[in-house]
Amino acid sequence: MYYRDGMYSMRARIGVIAPLDDQVEYAFNKYAPAGVSFDSTRLSFPGPTPEGLIYLSDQLEEAAKMYAKKRHDVVLFGCTSGSCIKGYGFDKECIQRIERASGWPGLTTSTAVLEAFQALGLSKTVVMTPYPDETNEAEKKFLEDNGLEVTSITGVGFNKVGEFSHPSKYFLYRKAKQLKTEGAEVFFLSCMGLATMELVEILEEDLGMPVITSHQASLWACLRHSRVNDKLPGLGKLFTI
């Protein structure tokens, strides 16, 4: 459906604050339903170490001010590890900072992931990330402190920033197939820097369990918080809810 003039944002206008090396525009603009628009602001990002992620989150309020003068249904901090690196409750702290600075409802990717688990009614997860060990440990603790059971968490080595930092979908798919999934109910592929939307459905079929990815959960939660309830094809069980 084609929307003229401002009607392209008729259903929802969503603000996105994301690391410079993120792939959010591609994922959101390709898969969002008609009538939903996105405005994005980028943050300087030295890399997904705990120190780099704290540096990233320290820029959040200044970036959120960009959205204060125009209506937004929700403003997302689009970074999984960056919104949970300081532990339990840090995602909610980030939301409060966004809301104070922008005047609009806030959301983070880690909050969206927690809401996705809740919506699926499942809590045991195997996790794959591109992060270094210290960041994996922090994310595992965050998930567990929020009531999830992490059967295993595996970093696959792509934890740098820059043009050649992104693994291919083939690489991610093969690595996911190698993981031991016994005891898990959900496969969680973490990081907004990974292009994962096209992997959701095929991984659900081949792993035999629901799949949550950071892009998928973030888009789903942004839409639901904006009261856009489309059930979108090809994006896994989460988008059938």
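The values are calculated or read from the model by the stated rules, or taken from the named source; none is laboratory data. Remember, predicted model here, so these are calculated numbers, not experimental data. Every residue, glycine as well, gets a Cβ built from its backbone with ideal geometry; the counts of neighbours run over all protein chains shown.
For residues that are among the small types (Gly, Ala, Ser) and crowded, with 16+ Cβ neighbours inside 10 Å, scanning just segment 223-241, find the one that is nearest to Tyr31 (Cα to Cα). The selected residue is Gly236. Cβ-Cβ distance below 9 Å, separation of 6 or more or different chains: which pairs start in segment 167-179 with a residue that is within 16 Å of Thr213 (Cα to Cα) and hydroxyl-bearing (Ser, Thr, Tyr) and end on one that is at pLDDT 90 or above and assigned to a helix (DSSP H, G or I)? Going by the 9 Å Cβ cut-off, the qualifying pairs are Tyr173/Leu199; Tyr173/Ile202; Tyr173/Leu203; Tyr173/Asp206.
Would you check if there is a residue in segment 222-235 being assigned to a helix (DSSP H, G or I), closer than 18 Å to Gly121 by Cα and out of contact with any Cys (no Cβ under 7 Å at 6 or more places or on another chain)? Scanning segment 222-235 turns up at least one residue that is assigned to a helix (DSSP H, G or I), closer than 18 Å to Gly121 by Cα and out of contact with any Cys (no Cβ under 7 Å at 6 or more places or on another chain). May I ask you to list the residues in segment 189-208 that are hydrophobic (A, V, I, L, M, F, W, C) and without any contact (Cβ under 8 Å) to a residue 60 or more places away in the chain? Within segment 189-208, Leu199, Val200, Ile202, Leu203, Leu207 qualify. Would you say Ala63 is small (Gly, Ala, Ser), buried (at least 18 other Cβ atoms within 10 Å of the Cβ), without any contact (Cβ under 8 Å) to a residue 60 or more places away in the chain and in contact with a helix residue (DSSP H, G or I) (Cβ under 6 Å, 6 or more places away or on another chain)? Judged against the criteria, Ala63 is not a match. So is Leu122 out of contact with any helix residue (DSSP H, G or I) (no Cβ under 9 Å at 6 or more places or on another chain), surrounded by 14 or more Cβ atoms within 10 Å (Cβ to Cβ) and modelled with pLDDT of 95 or more or not? Answer is yes for this residue.
Within the option set Val211, Val156, Val186, being without any contact (Cβ under 8 Å) to a residue 40 or more places away in the chain and crowded, with 21+ Cβ neighbours inside 10 Å holds for one residue only, Val211.
Within segment 102-143, the set of residues being over 18 Å from the mean Cα position of the chain (by Cα), small (Gly, Ala, Ser) and in a helix (DSSP H, G or I) comprises just one member, Ser102.
On inspection, Gly193 qualifies as in contact with a strand residue (DSSP E or B) (Cβ under 9 Å, 6 or more places away or on another chain) and outside the structural domain of Tyr26 (by TED's automatic domain parsing). For segment 24-49, residues that are closer than 22 Å to Arg224 by Cβ, modelled with pLDDT under 90, of a type outside the set (Ser, Thr, Tyr) and surrounded by fewer than 19 Cβ atoms within 10 Å (Cβ to Cβ) total 1. Only residues that are within 25 Å of Leu53 (Cβ to Cβ) and either among the aliphatic types (A, V, I, L, M) or in a helix (DSSP H, G or I) (or both) were counted in segment 190-199, giving 5.
Scanning segment 202-231 for residues that are of a type in the set (A, V, I, L, M, F, W, C) and either under 17 Å from the mean Cα position of the chain (by Cα) or at pLDDT below 95 (or both) returns Val211, Ile212, Ala217, Leu219, Trp220, Ala221, Cys222, Leu223. Of the residues making up segment 57-101, those that are in a loop (DSSP other than H, G, I, E, B) and closer than 17 Å to Met192 by Cα are Gly78, Cys79, Thr80, Cys84, Ile85.
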